[in-house]
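First comes the structure, then the notes that go with it.
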Amino acid sequence: MAEEAKGGNNKGMMMIIMAMLGLIIVALVGVSIFLITSLGNDDDDVGGVGTFVPDPPLTAFDIVTLDIGRDVTTNLLPRANGSRHFVVLRDLSLGINNLDEDEAIDFAAEIRAREAVVIDTINTILRRTTPEELEAEGGGVTLSENILQALQTAFGSHMIVDVYFQFAIH
């Protein structure tokens, strides 16, 4: 009888140990899934969707403005009624992250050397835009965000943090 009671205790102890091991395994799997999804969802990925926003956000003192020094003129997609228009972007400038001044200077030199890439990227965005989209409330902001994201992708960098311009549809 004493041996049966002793055997019952061993079974109970084994069940407790097995349950604890199961909980530990479930916790490790949960932590692993969390880490994998967190690492796969990196906001610094230039190819990802959305625009990079530094944490904490940059202030006006952290941004240097690089004047492109020329207007950009290109055709827009036709209006719904078929009429054709073009747009002119004036006073085109890029906001460059200036937290590291040496890096900002090097990046500005790269933009100057590859200015054709900037202009071509902007033209590509504009040619996919309708006059109605630009005239809609917030159309200029949406255009600016689209150009910013395309330039960040084209340069493989988040050093460009803003795009400034005025536009007129003709």
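What follows is calculated from the coordinates using simple rules that are stated; it is not laboratory data. Since the structure is predicted, the reported quantities are computational estimates derived from the model, not experimental observations.
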3J(HN,Hα) from dihedral phi, the stretch 85-100, Karplus parametrisation 6.51/-1.76/1.60, rounded to Hz, x for glycine, proline: 9, 10, 10, 10, 9, 10, 6, 6, 9, 10, x, 10, 4, 10, 4, 10
Gain in length, M20 to D102, computed as 0.36 nm per residue apart minus the alpha-carbon separation, to one decimal in nm? 24.0 nm
Want the number for N123 to V64: 0.36 nm per residue separation, take away the alpha-carbon distance, what's left? 18.9 nm
